[in-house]
Amino acid sequence: MMNGRRELLISLSLLLVFAACKKDKSSLPPEPPPRSTAAITAFSVRSSVNPAVIREDVPAVITGNQVTLFVPYLADVDSLIPTFTTDAASVTLNGTRQVSDSSYTDFRHQFTYTLVAEDGTPIEYTVSLKQFTGLPIVRVLTQNSSPILNTEDYVVGNFEVISNGTTLADYSGKTEIRGRGNSTWGMPKKPYRIKLDKKSELLGMPSNRHWALLANYADKTLMRNHIAFTIGKWFGMDYTPRGQFVEVFLNNQYQGAYYLTEHIRPDPNRVNITEMGTSDESPATITGGYLMEIDKRYDADYFWTTGRGVAMTIKEPEKITTAQLSYITNYIAELEGSLYNANFRDPETGYQKYINDSTVIQWYWVNELFRNQDADFFSSVFLYKERGQKLRMGPLWDFDIGAGNINYNNSWEPTGWYIRNTNWIARMFQDPAFRTRSKAKWISMKPKLETLLALIDETAKTLQYSQAENFKKWDILNNYVWPNYVVTGSYAGEVAYFKTFLQTRMAWIDAQLALEN
């Protein structure tokens with residue numbers, strides 16, 4: 001009897017425990033469904049995992065589903081082991097499973113990881129690597145590492161352009177290189193003239209042998225030339241030099257941030273004039289094409305001073321004959337004669353017979369906006385004449401000390417006319433029709449000019465890493481560099497000063513034009 005009761009109690013207890021367990025399980029929340037998302041939350045290339053390639057860890061910048069690494073220049077990137085953190089169920093590259101701190105990866109080209117979420121959903125992450133600052137890299141190796149000593153003697157070597165992850169093509173070939181510039185050659189950071197052994201396209205710019213590397217040492221924004229050239233394009237100039245910001249390494253030594261740009265010369269994609277030979281002396285062929293520069297340094301083999309004191313030099317043809325020199329000298333004399341006689345306003349017999357005044361207006365406004373010191377008919381004022389056509393002004397050149405970056409001749413002032421008081425230009429502004437056309441051109445450009453400050457900000461963003469490396473190499477942000485008007489102490493300060501100058505000057509020009517009839 002007692003045994004029966006005991007067995008009954010045990011059975012009841014077991015039933016109660018079972019029921020309690022069943023009740024507890026039914027009260028638990030349901031299991032969450034598998035996640036359909038996955039992410040890479042950290043990515044780097046660590047020196048401890050890649051000791052033969054890098055000395056310091058390289059963390060990536062992750063923006064959305066884009067991973068970008070900046071590695072030192074000359075690093076061997078075809079076989080790196082990345083370190084990454086992810087909540088994905090798996091990570092694959094071209095179908096092969098990837099393991100953090102283990103999988104070798106070729107970073108020479110952009111690639112895409114496929115992350116698989118818990119529910120099997122694939123998520124793609126694009127990974128790209130940029131060397132150094134991310135700008136294209138120009139690498140010059142001179143023969144026997146020979147130094148570049150002056151602006152006259154070329155040194156032979158190899159010229160390489162690495163597009164650095166952009167969509168632009170790379171280049172490698174033989175070159176000659178020498179110094180270039182006048183006052184700029186005397187600065188610590190040297191500008192260079194490049195002459196490739198054959199015509200080649202560089203960074204999307206049309207094929208040619210002749211190029212320039214502008215150092216922009218005195219321009220601590222590094223962008224005045226680029227911005228001026230861009231404005232020239234806005235104003236519709238026939239040709240304005242194209243350019244790309246690059247990092248320059250000379251014999252594997254970093255030289256700084258440069259502007260790779262087109263050298264001004266005759267070419268269908270540059271100054272589109274006929275290239276003359278010594279036989280071009282007939283009445284038709286002797287009329288062009290000529291490329292000239294107003295340059296008071298008389299830095300050319302052929303030069304003269306006009307009756308109005310303008311220092312003219314011949315750039316093309318390089319080997320000009322006596323008859324050709326006589327023709328173009330007389331043509332300029334006739335232009336000046338027509339400009340300064342009583343009937344100079346006459347569109348048929350006055351100065352417009354000899355020069356295309358629309359090109360003068362385009363050239364004028366860019367230089368006036370920058371209050372460009374050299375454009376006061378001192379230097380870097382280019383003119384050209386095609387066969388059978390009138391003289392034209394342009395292309396633009398040399399704006400590194402423009403826009404307030406100068407401490408003499410009151411050229412730091414954002415107010416006051418400057419180029420309007422210059423030689424031929426001053427006389428043209430005495431023609432009411434020229435003044436009217438000039439004013440109309442400025443007004444027509446106002447919508448575009450209203451985007452100028454945004455363009456400067458965008459360019460500064462492009463240069464954000466480059467300027468940092470440049471000023472590590474050239475520690476001048478707190479130093480006076482001739483002929484700076486201000487020393488702001490920071491890159492951001494230099495850009496802000498540049499913007500303030502242009503903003504103030506545009507407002508002043510608007511106000512002055514509003515006062516004109």
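Quick notes on this structure:
- The selection criterion, being in a strand (DSSP E or B) and either among the charged types (D, E, K, R) or touching a Gly at 6+ places or on another chain (Cβ under 8 Å) (or both), holds for residue 160.
- Residues in the stretch 364-395 that are charged (D, E, K, R) and in a strand (DSSP E or B) were compared, and the one that is farthest from residue 225 (Cα to Cα) is 385.
- Under the condition of being within 18 Å of residue 268 (Cβ to Cβ) and assigned to a strand (DSSP E or B), the residues counted in the stretch 192-208 number 10.
- Residues satisfying the stated conditions in the stretch 311-327, i.e. β-branched (Val, Ile, Thr) and closer than 15 Å to residue 279 by Cα: 320, 321, 322
- Here residue 335 clears all of (1) modelled with pLDDT of 95 or more; (2) surrounded by fewer than 18 Cβ atoms within 10 Å (Cβ to Cβ) except the condition numbered (2).
- Members of the stretch 199-219 found to be within 14 Å of the chain's Cα centre (by Cα) and either among the charged types (D, E, K, R) or over 13 Å from residue 398 (Cα atoms) (or both), listed by number: 202, 203, 204, 205, 219
- Search result, residues across the stretch 409-428 that are at pLDDT below 95 and among the hydroxyl-bearing types (Ser, Thr, Tyr): 411
- All conditions but one from (1) surrounded by 10 or more Cβ atoms within 10 Å (Cβ to Cβ); (2) modelled with pLDDT under 80 apply to residue 37; the one that does not is (2).
- Any hit, the stretch 278-292, residues being buried (at least 21 other Cβ atoms within 10 Å of the Cβ) and closer than 30 Å to residue 221 by Cα: yes
- Residues satisfying the stated conditions in the stretch 97-121, i.e. aliphatic (A, V, I, L, M) and either over 24 Å from residue 59 (Cβ atoms) or loosely packed, with under 15 Cβ neighbours inside 10 Å (or both): 99, 116, 117
- Residues of the stretch 124-157 that turn out to be assigned to a loop (DSSP other than H, G, I, E, B) and farther than 21 Å from residue 185 by Cβ, as a count: 5
- Hits in the stretch 413-457 (condition: within 18 Å of residue 370 (Cα to Cα), among the aromatic types (Phe, Trp, Tyr) and in a loop (DSSP other than H, G, I, E, B)): 417, 418
- Conditions (1) aromatic (Phe, Trp, Tyr); (2) at pLDDT below 95; (3) over 21 Å from the mean Cα position of the chain (by Cα): number failed by residue 125: (2)
- Residues in the stretch 472-494 that are outside any loop (DSSP other than H, G, I, E, B), in contact (Cβ under 8 Å) with a residue 60 or more places away in the chain and not acidic (Asp, Glu): 473, 491.
- Just one of the numbered conditions (1) surrounded by fewer than 23 Cβ atoms within 10 Å (Cβ to Cβ); (2) closer than 23 Å to residue 489 by Cα; (3) within 12 Å of the chain's Cα centre (by Cα); (4) not hydroxyl-bearing (Ser, Thr, Tyr) is not true of residue 247: (1).
- The stretch 495-509, residues that are without any contact (Cβ under 8 Å) to a residue 60 or more places away in the chain and either in contact with a helix residue (DSSP H, G or I) (Cβ under 8 Å, 6 or more places away or on another chain) or crowded, with 17+ Cβ neighbours inside 10 Å (or both): 499, 503
- Strands (runs of 3 or more DSSP E) wholly inside the stretch 235-334 that include at least 2 residues being in contact (Cβ under 8 Å) with a residue 24 or more places away in the chain: 243-250, 253-262, 290-294, 311-316
- Residue list for the stretch 224-234, restricted to those being under 22 Å from residue 386 (Cα atoms) and either without any contact (Cβ under 8 Å) to a residue 40 or more places away in the chain or hydroxyl-bearing (Ser, Thr, Tyr) (or both): 233
The values are calculated or read from the model by the stated rules, or taken from the named source; none is laboratory data. Just so you know, these numbers come straight off a predicted model, no measurement behind them. Note that each Cβ is placed from the backbone with ideal geometry, even for glycine, and that neighbours are counted across all protein chains shown.
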